[in-house]
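First the structure, in the form of C-alpha cells, and then the observations on it.
The values are calculated or read from the model by the stated rules, or taken from the named source; none is laboratory data. If you're wondering where the values come from, they're calculated on a predicted model, not measured in any experiment. So basically every Cβ, Gly included, is an ideal-geometry build from the backbone, and we count neighbours across all protein chains shown. The area values use the complete protein model at the heavy-atom level, side chains included, leaving out ligands, DNA and RNA. Shrake-Rupley method; radii C 1.70, N 1.55, O 1.52, S 1.80 Å.
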Amino acid sequence: MKMTIHTLQSKKGVEKITAVTAYDALFASLFDAQTDVILVGDSLNMSFGGKEDTLSITLEEMIYHTKSVCIGAKKSFIIADMPFGSYQNSKMAVKNALKFYQKTSADAIKLEGGKERSESVRAIVKEGVAVIGHIGLMPQFARSEGGYKIKGRSEKEASKLIDDALAIEDAGASMIVLEGIASEVSNHITQKLKIPTIGIGSGKKCDGQILVWSDMMGFFQRFKPKFVRRYLDGATLIQEALQKYVQDVKSENFPSLEESY
Ligand code: KIV
C-alpha cells in the first residue's frame, strides 16, 4: 500500500519513521517500501555530483531526479528537496513547489529554514502542496555560515530552534527534519510538536531517522560524519568485483561459451 502523510503522522509516539535518500529509479526501486519515506535530497549534488556543497544543483536537475525516483518507488512516501535559490520569497516558492507537483509525482517538497520561511511554507500549503520543514544544520547555509555547524548547544540557539520548529508547524508543514541538533533540544522539539520530527545527527528521540544512502552503504568515502552508521562496505565490494571482472577479461575467462552467441 502507498504510504500517505496521514499514516506517517499517525506513527508519532507509536512507531519510528524510517527514511533514506534516493536519486534514481534503480535504487529507489530497491528501497521502495523498505523505508516509509524516500527523500530525493539535494545531497545528490555532493554524493553523486562530486561537488563541495549542495548549492549548485538546479530546479530542473532536482525535477529530473525526482521523476526517476517516482518511477522506481511506488509505495514509499516521496519527498523532493527544493534547491538553493528556488524559494527566496513566497511567490517564487509557490511557483517552484507547484512545478514539483505538476512535473513529478512527489508526495511533498522539503525546504530549509525556520521562522523566516514560515510565510513561504504557509503559501505553498495553501496551494495544496504538502511541505516538510528542515531546521538546525541546514546544508544550503553551510557556505555562508563557514561550515557545517551543530546547532542548539547554547540556550539562545536552543530557544531559536524551538521557535523555528513551532513556526514551521504553525504554517502547515506536515513533518520536519531536524539536522545536526543537540539531542536534548531535538528531544524537546519532538515532544512539543504535533507533527513528526525526522532526525539526522540529532539523537534517538526524534520520531524517525533519515540517512543519505551512499553514506550508510559505504559508497561515499570523502568524509564520514559522526552520525553516520555504515551498514555496508559498498565501495570495497564494488572495487573488488570490478577487479575480478578486469582479471577475467584479461585472462579470457570472460566471456565463457555460455555467455557467448
Ligand atoms: O539532502 C539531503 O539528503 C537531506 C538530508 C540530509 C535530510 O536534506
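Couple of notes before you dig in:
- Phe141 meets all of the listed conditions (1) under 26 Å from Ser56 (Cβ atoms); (2) outside any helix (DSSP H, G or I); (3) touching a residue at least 12 places away in the same chain (Cβ under 8 Å) but one, namely (2).
- First in segment 78-96 and within 14 Å of the ligand (Cβ to nearest atom), second anywhere and of a type in the set (Phe, Trp, Tyr) and not in a strand (DSSP E or B), Cβ under 6 Å, 6 or more apart: Ala80/Phe100
- Residue within segment 38-53 that is among the small types (Gly, Ala, Ser), farther than 22 Å from Ser144 by Cβ and open to solvent by 20 Å² or more (accessible area, probe 1.4 Å) present: no
- Matching residues, segment 233-248, being out of contact with any Pro (no Cβ under 9 Å at 6 or more places or on another chain) and more than 22 Å from Gln221 (Cα to Cα): Tyr245, Val246, Gln247
- Ile124 being free of Cβ contacts under 8 Å to residues at least 60 places away in the same chain and under 21 Å from the mean Cα position of the chain (by Cα): yes
- Any hit, segment 9-16, residues being buried (at least 23 other Cβ atoms within 10 Å of the Cβ) and either touching a residue at least 40 places away in the same chain (Cβ under 8 Å) or within 16 Å of the ligand (Cβ to nearest atom) (or both): no
- Tyr101 vs. criteria out of contact with any helix residue (DSSP H, G or I) (no Cβ under 6 Å at 6 or more places or on another chain), within 16 Å of the ligand (Cβ to nearest atom), open to solvent by 50 Å² or more (accessible area, probe 1.4 Å) and of a type outside the set (S, T, N, Q): no
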